[in-house]
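Here's the structure we're looking at; comments come further down.
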């Protein structure tokens, strides 16, 4: 036998029999509430997921902004107050985090650049324009750093209301551009000087030679020596050249087996001016030895040696060229252009002096020149370094004078 029903069950049965419609409506409301709560739960979950994605995106953008060291700013034009982020404040040396007056920003810009910045912003404030601006300027502090700024003006109708933008430091780029411009100017200067030297060498070589074929060969050799020195200097960005490298590139017989020209000397770095002069000197000596001197016979040889003398700003290069085993040497009756290069023009260009000894057993040549670049227009006198005006004359002019 089934026991008595629970009072609540009895009550529900009674209500159902008495108010069936009310119970149906109540059940519907419960179902709707459950559905609404389920939908609300889904919306909340999606919203939280969207907020997490926004936070992640904001973190990514902040990381990218920090990596690029970009500063952000927004100016309300009505009150002239500027809101800016930490990077902007760091660049402009602003301590407080609250909005700052725009005059504080203008005061931080270099006076020479304020006009250009104002002009760029004034153009952006024109309602008939595109509202964009970009400009570069220096800071007024001792660092003289360069900044690049780009932004946009927001309008309320035709009235500008907000100016917002970003900026970042471009000092390295500006310095690189300045260095590039200096290098281009230096390159142009060197090219012009080189072309003038080539023209002068051609004029003097062909003017003083009675043999056109020999003149062409001599001129070609001089150009090769000049080019070899340029190649060595280019490898070091025209800072310096090793003397032994200059000798090996200029004198083919150094590479012979056995070598007919031996090298003996310490490692020495020559300034560009000195390296070019030494290369031309060695070329003249070598070509003369091949045609008339020790290298014109099978058993002849040459010793090329160098050393440093003096100290400090009086440090001097002494370079010796000594020929042995060649035909008997006879001093020339007249001074041709090649000998003039060796004795007067090239040594003077190196800031030094040179001399010959036409000994019967072989030619001896010595070049003395200062190794300190600042002494390139200084010679040697009895009281130490003395100014020699002819050293300040450009090399190409001395070549043209012969």
- Only residues that are surrounded by fewer than 18 Cβ atoms within 10 Å (Cβ to Cβ) and part of a strand (DSSP E or B): list them for the stretch 307-328, please. 307, 308, 309, 318, 320, 324
- Exactly one of 304, 276, 282 is assigned by TED's automatic domain parsing to the domain that holds residue 193, at pLDDT 90 or above and not in a strand (DSSP E or B), and that residue is 282
- Item | Selection within the stretch 329-339 - surrounded by 14 or more Cβ atoms within 10 Å (Cβ to Cβ) and modelled with pLDDT of 80 or more | 329
- Given the conditions (1) modelled with pLDDT under 90; (2) surrounded by fewer than 13 Cβ atoms within 10 Å (Cβ to Cβ); (3) touching a helix residue (DSSP H, G or I) at 6+ places or on another chain (Cβ under 7 Å), every one holds for residue 95 apart from (3)
- When residue 112 is evaluated against the numbered criteria (1) modelled with pLDDT of 90 or more; (2) within 18 Å of residue 167 (Cα to Cα); (3) under 35 Å from the mean Cα position of the chain (by Cα), which criterion, by number, is the only one it fails? (2)
- Selection from the stretch 252-266 of residues that are under 26 Å from residue 236 (Cα atoms) and at pLDDT below 90: 252, 253, 254, 255
- In this structure, is residue 199 closer than 29 Å to residue 371 by Cβ, in contact with a helix residue (DSSP H, G or I) (Cβ under 9 Å, 6 or more places away or on another chain) and in the same structural domain as residue 281 (by TED's automatic domain parsing)? no
- Item | Selection from the stretch 329-367 of residues that are touching a strand residue (DSSP E or B) at 6+ places or on another chain (Cβ under 7 Å) and in a helix (DSSP H, G or I) | 342, 343, 347
- Message: For the structure I just gave you, tell me whether residue 157 is over 11 Å from the mean Cα position of the chain (by Cα) and on the phi > 0 side of the Ramachandran plot.
- Response: yes
- Message: Please go through the stretch 357-375 and give me each residue that is more than 16 Å from residue 309 (Cα to Cα) and either at pLDDT below 85 or more than 44 Å from the chain's Cα centre (by Cα) (or both), ordered by number.
- Response: 357, 358, 359, 360, 361, 362, 363, 364, 374
- Among the listed residues 225, 215, 279, which satisfies the condition of being without any contact (Cβ under 8 Å) to a residue 12 or more places away in the chain and touching a helix residue (DSSP H, G or I) at 6+ places or on another chain (Cβ under 6 Å)? 215
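The values are calculated or read from the model by the stated rules, or taken from the named source; none is laboratory data. Just so we're clear, the structure is a prediction, and the values are computed from it rather than from any experiment. Counting neighbours? That spans all protein chains shown, and the Cβs are built from the backbone with ideal geometry, glycine included.
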